Amino acid sequence: MPRLTVEDLKKIKEEYKSILTLREGGARVKVTIHMGTCGIAAGARKVMEALLEEKGKSGVTDMIVTTSGCAGLCSKEPMATVEIINESPVKYVHLNEEKIRTIFKEHVMEGKPVEQYALVMGSETAY
Amino acid sequence: MENYRLSVMMCGGTGCTAAGSLTVKDALFEEIRKKGLEKEINVVITTCSSFCSQGPVMTVYPGEIFYPKLATKDILEVVEEHFIKGRPVERLMYKESPRKGAIPLMKDIPFYKYQVLRALRNKGLIDAEKIGEYISRDGYQAAAKALTEMTPEQIIDEMKKSGLRGRGGAGFPTGLKWEESAKARADQKYILCNGDEGDPGAFMDRSIMEGDPHVVLEGMIIGAKAIGSTKGYIYVRAEYPLAVQRLQLAIDQAKENGLLGENILGTGFNFDIEIYQGAGAFVCGESTALMRSLEGKRGMPRPRPPQSAVKGLWGKPTVLNNVETYANVPQIILNGADWFRTLGTEKSAGTKVFALSGAINNIGLIEVPMGIPLRKIIFDIGGGIPNKRKFKAVQLGGPSGGCIPESLLDTPVTYEDIMKTGAIVGSGGMVVMNDLNCMVSVAKFFLEFTVEESCGKCPPCRLGTTVMHDILLNITEGRGAEGDIELLEDLSRDIITASLCGLGQTAPNPVLTTIKYFREEYESHINEKWCKTGVCKELCTFYIDEEKCKACGVCKRACPQNAISGEKKVPHRIDQSRCIQCRSCYVGCKFDSVKIGPRSMRDAMDLPDQEALNNMRIETMAGKGE
């Protein structure tokens, strides 16, 4: 990769913004699996594998699966955040392979959040 | 399409219809027609809004004003006040905003409501292994600003104005530290990051290093520019493999992109970072010991002065800051000191990350504005104590901190106020204890830790903590004697005054605070040989209050020793010869019928008598004089 200049930083920022924030024409849904030490210890890897497997089987192309660090509620790991374009992100807790498959089927594919596994909806305040 | 001024969503679900929504709806249309508002207000009859228990309900947009349990007579007021005059009728409004489905919103859950993310602003949002994601969240913008637009003096000035204090525990103003180092003249200076998080129950730094490694690098680049350093080290404990891996990846990516190394961002500034893995000795979190360890020597502190800012790593001026401190730096540079000061108090500005653990519902990582009362952290954000047990104390600051009792829960979390209680804010470990905890045993646990972790260089710490531990062992095993409490206090004072480094100077804090706030527990251990929580096995007798016993059998099933006898409708009884004081019956009983008595209640059994016990007392030279 080339060495960056201050100008490049701004360009990358814009580029990634369009990749990361869901937009019309791009991805429709993003699922973040929280994989800090706490998440991994609680079984996040299996959850991730199950999700990728479902994704592969279904052949969806407008979905991003990504990982991130601890989401802050270590006692409720494994956790995942599902964000559908133009909707509030939903955080799911105490996941296992079976639950993430249900979430994939109902929330990711059909757009209906799985209430019984969800903890909260919305984004955290950061400033 | 018509341009409506207001939209009214009226629920037409079965629940609301059953509750009378049809007549309310008719009244609404009637009123709107009467007032001639048909072209301004759009009424939509929706399907079930899943608020059936509150029906009939309607929501008015914009503003998402939610009116539950509407009656026909309310409609006139809503139309007059809200639709015409623009004043939502508070009397009729729901206390909380309506929720979409059954999933609550963040503002409705205290755990999220009271948090403000600054150091953790990328928490759970970005992929730690992709530098682009960090950049997309304003990553490296602050470094660019510091390298291109600011002089070292300006950076230091901004840091001083911000009032940011070391988040590792000591709370030393970061700007001052940087200034001192910037002033020192040397051919080489170092910027270090302390990732040697060692307090039991603390995991703030680990989480930042794992989840947002680039923010640490960026903070260090800014610090390097401020003091004129070209070389940095991150000291991480080897027990944090994921943190090490992600930091290394971040460093490699930053180097590849010209954000570390030579000529950073084309500005001509050179700075490089290396990771050094520590072997996990607690003392290596102390600044001078950390530097010795980095030099490849045995991690032991050295006397100060000279301060590390002047003579640190390999004798060169060195700045050492904690992970969380660095995580705060980029945002201060980007948004300014005044922005940073919008949260927190005058002397403790900004936010602090805490790791909640122990007897609390929401175990996890939180970030709150400084000055928030402890009660709010524990009972609102933390969700209180599980299993209907009672709060007893919260331990702050790990082995260097202390236990804060219920009566002081309204203490605001600032460096000064927490210090007044005898504890310290520390790096942010917060261990909550319930009424099942014996405070003497808690003190003993921390002393065990410091005895193990004392590096052994100076006698007050090496011997002092061992002697204190022996005394606590005597007390918890039934060999406590009059004068032990005073001796502990006396020893504590000596250790605090005479120890070389922070480890020894703070090691007695857990003992001192538990004596200060729970002295009666020490006294009952020593005088009555009675541990009222049943933790100290030698000092308790479990028995069943037969008048209160409902003979439900819970304790009988819980007992691993089959020590409990009793039938249905026959009060149960504990066979003392079999009881191993595991507390299962006590914890399990729903009727508070299992009681804990003093040791003397089972003296009839074949236990060593008090005299034999006293003969086993660990004798120390402490307090004996010449």
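Only the coordinates and a few stated rules stand behind these numbers; no lab work does. Remember, it's a predicted structure, so these values are computed and weren't measured experimentally. Cβ coordinates were reconstructed from backbone atoms using ideal geometry, including for glycine residues, and neighbour counts include every protein chain displayed.
A few remarks follow.
- Test item: Cα-centred dipole of the protein assembly as shown, Lys/Arg +1 and Asp/Glu -1 on Cβ, debye: 640 debye
- Summing charges over all other residues whose Cβ lies under 14 Å from the Cβ of A:Lys46, with Lys and Arg as +1 and Asp and Glu as -1, gives -3.
- Packing-based ranking, highest mean first, of B:315-326, B:260-271 given that Cβ atoms within 10 Å are counted: B:315-326, B:260-271
- Cα gyration tensor category, rounded, prolate or oblate, for chain B with a/c compared to 1.5: oblate
- Among the residues of B:115-126, the average count of other protein chain beta-carbon atoms within 10 Å of the residue beta-carbon is 6.
- Inter-chain Cβ neighbour average for residues B:128-139, partner chain, 10 Å: 5
- At an R0 of 56 angstrom, the distance between the Cβ atoms of B:Lys569 and B:Phe445 translates into a FRET efficiency of 0.85.
- At an R0 of 25 angstrom, the distance between the Cβ atoms of B:Lys34 and B:Arg91 translates into a FRET efficiency of 0.70.
- Rounded to the nearest 20, the Cβ-based charge dipole of chain B about its Cα centre (Lys and Arg +1, Asp and Glu -1) stands at 820 debye.
- Sorted peptide list for B:142-155, B:565-578, B:464-477, B:207-220, criterion being average Cβ within 10 angstrom, highest first: B:207-220, B:464-477, B:142-155, B:565-578
- Computed on chain A, with alpha-carbon pairs under 8 angstrom and 6+ residues apart, the relative contact order is 25 percent.
- Positive minus negative residues near B:Leu334 (Lys, Arg vs Asp, Glu; Cβ under 14 Å): +1
- 5 angstrom amide H check on B:Gly597, placed H, neighbours 5+ away: B:Thr541, B:Phe542, B:Tyr543
- Scanning residues 5 or more positions from B:Thr414 or on other chains, those with amide H under 5 Å from its amide H are B:Gly371, with H placed 1.01 Å from N in the peptide plane.
- Prolate/oblate/rounded call for segment B:413-530, Cα gyration tensor, a/c under 1.5 rounded: oblate
- The H on the amide N of B:Thr46, modeled in the peptide plane, is under 5 Å from the matching H of B:Met10, B:Cys11, B:Gly12, each at least 5 residues off or on a different chain.
- Degrees, to the nearest 10: A:44-58 long Cα axis against longest axis of chain A: 80 degrees
- Cα gyration tensor shape for segment A:40-127, rounded if a/c is under 1.5, else prolate or oblate: oblate
- Helix runs (DSSP H) in chain B reaching 18 Å along axis by Cα, Kyte-Doolittle at least 1.0: B:213-227
- Partner shielding of B:263-275 amounts to 1, given as the average count of beta-carbon atoms from other chains within 10 Å of each residue beta-carbon.
- Summing charges over all other residues whose Cβ lies under 12 Å from the Cβ of B:Ala182, with Lys and Arg as +1 and Asp and Glu as -1, gives +2.
- Relative contact order (%) - criterion: Cα under 8 Å, at least six apart; region: chain B: 10 percent
- Assigned charges on the beta-carbon of Lys, Arg, Asp, Glu; segment B:402-515 dipole about Cα centre (debye): 360 debye
- Charge dipole (chain B, unit charges on Cβ, about Cα centre) - positive-most of B:Phe282, B:Gly398, B:Tyr233: B:Gly398
- Protection proxy ranking for B:544-552, A:69-77, B:237-245, using the average of other Cβ atoms within 10 Å per residue and placing the highest first: A:69-77, B:237-245, B:544-552.
- Between A:Ala44, A:Ala80, A:Ala27, the Gaussian network model of chain A with springs among Cα atoms under 10 angstrom shows the greatest mean-square fluctuation at A:Ala27.
- Percent RCO, i.e. relative contact order, over segment B:481-538, from Cα pairs under 8 Å lying at least 6 residues apart: 30 percent
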